[in-house]
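Reading through the structure tokens given below for one structure.
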Amino acid sequence: MSATILVVEDEPGIQEVLKFNLGQHGHDVIVAPDAEEALSLLRGALPDLMLLDWMLPGMSGIDLARRIRGDGRLKGIPIIMLTARSEERDKIQGLDIGADDYITKPFSPRELMARIKAVLRRRAPQMTEDVVEIGGLKLDPLSHRVFGNQQPLDLGPTEFRLLHFLMTHPERVYSRSQLLDQVWGDHVFVEERTVDVHIRRLRSALEGTGHDRLIQTVRGAGYRFSATPA
């Protein structure tokens, strides 16, 4: 699936190479030449992943990563550090401040795409194209189809995204505000009760095969996807 990737890199040549290769794989790319512009962009919609150069003018990439990990709104963004620094102590420092991966320059586009896919699968599985199947309910992101006990189910686009997120994060309870941030985007301002409307629609779509029971309400907390009876 297409992910929005923020590239924080000051070298124009590397910017263009990354934009081209990421675009070829269907990703949306936003570029910031320094940490200050990156922070400005992060005040709007959050990216699905960041490619962050260590050596930046002004605030370094390592300091920017540390600042992101200390911010309650930003700390969940997956970060891959890009750097010419290849010594072990540098890699350890990058990982210690919270980077999800570390790739040294020069790197091959194939290696970078593999690293991005691995990080997204681990940190943001709803952004991958992997088929998800739990308790006889199967969701295929590529074909945008959902099956319950091998029967095709008809879901609207928002219900599909909501189900995909819940199925890729099973057994966890999410509040309405968390679901709004994850499914609608933190830059979209809608009422929290909107989540309840789409949960009802999702349950209605799953009811025919009995999979509506997998969408559980946790009183006072939010919603959970679980194949285990509440």
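The values are calculated or read from the model by the stated rules, or taken from the named source; none is laboratory data. Just so it is clear, the model here is predicted, and its values are computed rather than measured. Reconstructed Cβ throughout: ideal geometry from the backbone, glycine too, with neighbour counts over all protein chains shown.
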Within region 78-113, restricting to residues that are β-branched (Val, Ile, Thr) and at pLDDT 90 or above, the one that is farthest from Gly44 (Cα to Cα) is Ile80
Only one of (1) at pLDDT 95 or above; (2) closer than 23 Å to Asp196 by Cα does not apply to Val173, and that is (1)
Among helices (runs of 4 or more DSSP H) entirely inside region 47-131, those with 1 or more residues being within 30 Å of Phe160 (Cβ to Cβ) and in contact (Cβ under 8 Å) with a residue 12 or more places away in the chain are 61-69, 109-123
Of the candidates Ser40, Ser60, the one satisfying the condition of being surrounded by 14 or more Cβ atoms within 10 Å (Cβ to Cβ) and among the polar types (S, T, N, Q) is Ser60
How many residues of region 10-56 are under 19 Å from the mean Cα position of the chain (by Cα) and under 18 Å from Ile97 (Cβ atoms)? The answer is 7
In region 8-36, anything surrounded by 15 or more Cβ atoms within 10 Å (Cβ to Cβ) and either outside the structural domain of Pro109 (by TED's automatic domain parsing) or among the acidic types (Asp, Glu) (or both) is listed as Glu9, Asp10, Asp34
Checking Leu112, Leu120, Leu137, Leu142 in turn, the sole residue that is surrounded by 14 or more Cβ atoms within 10 Å (Cβ to Cβ) and farther than 23 Å from Ile77 by Cα turns out to be Leu137
Within region 1-21, restricting to residues that are touching a residue at least 24 places away in the same chain (Cβ under 8 Å) and of a type in the set (Gly, Ala, Ser), the one that is nearest to Glu36 (Cα to Cα) is Ala3
Matching residues in region 2-32 (out of contact with any Lys or Arg (no Cβ under 6 Å at 6 or more places or on another chain) and not in a helix (DSSP H, G or I)) number 17
Over region 132-174, the set of residues of a type in the set (Ser, Thr, Tyr), in contact (Cβ under 8 Å) with a residue 24 or more places away in the chain and over 14 Å from Phe225 (Cβ atoms) is Thr158
Of the listed residues (Asp48, Asp90), the one being buried (at least 17 other Cβ atoms within 10 Å of the Cβ), out of contact with any Phe, Trp or Tyr (no Cβ under 9 Å at 6 or more places or on another chain) and of a type in the set (D, E, K, R) is Asp48
(request) Go through the residues of region 202-213 one by one and say whether even a single one is surrounded by fewer than 17 Cβ atoms within 10 Å (Cβ to Cβ), in contact with a helix residue (DSSP H, G or I) (Cβ under 8 Å, 6 or more places away or on another chain) and within 28 Å of Gly76 (Cα to Cα). (result) no
Does region 121-141 contain any residue that is among the hydrophobic types (A, V, I, L, M, F, W, C), more than 22 Å from Ile199 (Cα to Cα) and at pLDDT below 90? no
